[in-house]
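Derivation of every value follows stated rules applied to the coordinates shown; laboratory data play no part. Remember, predicted model here, so these are calculated numbers, not experimental data. Cβ atoms come from the backbone with ideal geometry, glycine included; neighbour counts cover every protein chain shown.
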Amino acid sequence: MFKRILIANRGEIALRVIRACRELDIESVVVYSKADAGAPWLGLADDAICIGPAPSAQSYLSIPNIISAAEIANVDAIHPGYGFLSENEHFAEVCRSSNIEFIGPSVDAIHRMGNKSEAKAAAKKAGVPLVEGSDGPVASEAQALEVARRIGYPVLIKAVSGGGGRGMRVAHNDISLVNSMMSAQAEADAAFGDPSVYLERYLEGPRHVEIQILGDRRGEVVHLGERDCSIQRRHQKVIEESPSPALNPDLRKKMGRAAVRLAKEVGYHGAGTVEFLVQGKEFFFIEVNARIQVEHPVTETLTDIDLVKSQILVAAGEPLPFKQDDVEFRGHAMECRINAEDPDRGFAPSPGRIEAYAAPGGLGVRVDSHARAGYRIPPNYDSMIGKLIVHGTTRDEAIRRMRRALDEYVIDGIKTTLPLLRRVLRNSYFVAGDYSTRFLDQLLAT
Ligand code: ADP
């Protein structure tokens, strides 16, 4: 087992990994940028090393700086968290060639899953249903038009190396397709360093339902059920829950099996998520996230399996301590992401000092957050400052618990998305479980 782990991340996920290490008696060393000097989670690790100035490119995304810190700290492994370098195959390769274990899947699996058109090819090979679209990237306007005629409008233009809901464009006809192709390629190049794009049929109002998978290095893969992440703003998740109100037992079983087949096809180990869109009784693969996800506590709450500890154990070569049939799902879990954003100013980031802070508590309530009173949120990074997770025996109880927990939550001094979350939890369509990925954008338009 590892003795010392370096955490190449910040904020709530750094704190989450520190906690897992502590429970496993593993020492944790956390890196930080100058913008995060003195941040609350640093004091909870066994050691903290400054890796550069505020901009991510010079700190949390700097492979040489992080590897130097790992060497100075003499760690056995690196946990990348999510975002930053978590799905960077080059980083995984450098870690392993420096004799430091990268806590995540193999370089080959990261490569095949990170490139979305390769991931779709792997899914096809594993017999997993796909959204109709181009076979691989589209190179020219003529090819794009040909694909669009075959699959029919509306079509979605997506970046091959995309992520975070960015760079997607819907085209309703030939003219908008040609116009959007160019700007999508330019945007993809600027954001991801890769201009290639592919096309998919644009589903009108699907649900986003994903399957959590966990594999060990001996080829065993299990799935840990689904998360419904259809409550999104601009293709970014805001609320997640499990079980999904949209699945019946048959669909759930088929999706779980499809996810495991794909994982086995690419020799996946570690934690990962296979994302699908669901429409009616059909499901379509969209992508794999080859890392721990923000919404992992939903699954932990439902299954009592600690996903971060599992990631660490599997990376150290341990076998999965349970089989598919041992996994049990209890009750209903729900997560709200709390962002430092101003809903009245188009959700612009709202960094600054938290003047007063009181987190909710009580039965079935979990708060994963690095925030506290007096903490100054730097303007340089993601605006998520915490996650509120609740558990109930039924969906109705989880909703009531989430409402009262959101009402208890006090974060003063900055603007947050708490008022929006309170509104969603009281919306009759949400309460009925009747929502699609367009729900929130429609609610905000009213
Ligand atoms: P990213 O990696 O940028 O997050 P995804 O492929 O995971 O991109 O898609 C993010 C979200 O975009 C989905 O949850 C869904 O809301 C929407 N989306 C993606 N593909 C489609 C599609 N073919 N039709 C309709 N909506 C889609």
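Worth a mention:
- Listed residues V31, F2, I100: farthest to the positive end of the dipole of segment 1-101 (Cβ charges): V31
- Considering only S161, A259, I72, and ranking their Cα positions along the charge dipole of the chain that arises from unit charges at the beta-carbon of Lys, Arg, Asp and Glu, the one farthest toward the positive end is A259.
- GNM result for the chain, Cα springs below 10 Å: residue of A142, A373, A159 fluctuating most strongly: A142
- Applying 1/(1 + (r/R0)^6) with R0 = 30 Å to the Cβ-Cβ distance of R149 and S183 gives a FRET efficiency near 0.90.
- In terms of its C-alpha gyration tensor, the chain has a rounded overall shape, because the principal axis ratio a/c (a ≥ b ≥ c, square roots of the eigenvalues) stays below 1.5.
- Note that segment 33-47 has calculated 3J(HN,Hα) couplings of 8, 4, 5, 9, 4, x, 5, x, 6, 4, x, 8, 7, 6, 7 Hz, one per residue in order, obtained from phi through the Karplus relation 6.51 cos²θ - 1.76 cosθ + 1.60 (θ = phi - 60°); glycine and proline are x.
- Look at the alpha carbon pairs under 8 Å that are at least 6 residues apart: their mean separation over the length of segment 207-445 gives a relative contact order of 21 percent.
- Rounded to the nearest 20 debye, dipole of segment 207-445 from Cβ charges on Lys, Arg, Asp, Glu: 300 debye
- Assuming charge only on the beta carbon of Lys and Arg (+1) and of Asp and Glu (-1), the dipole of the chain about its Cα centre is about 740 debye to the nearest 20.
- Long-range HN-HN contacts of I338 with modeled amide H, under 5 Å: I385, G386, K387, L388
- For a label point 7 Å along the Cα-to-beta-carbon line of E141, residues of segment 156-174 with backbone N under 14 Å: 174
- Only Cα pairs under 8 Å and 6+ residues apart enter the sum, and on that basis the relative contact order of the chain stands at 14 percent.
- Each residue of segment 284-291 is assigned a 3J(HN,Hα), and the resulting list reads 9, 5, 10, 6, 10, 9, 8, 5 Hz, derived from the Karplus form 6.51 cos²θ - 1.76 cosθ + 1.60 (θ = phi - 60°), x at Gly and Pro.
- Built amide H within the under 5 Å cut-off of A373, gap 5+: Y357
- Magnitude of the charge dipole, segment 1-147, Cβ model with Lys/Arg +1 and Asp/Glu -1, debye to 20: 200 debye
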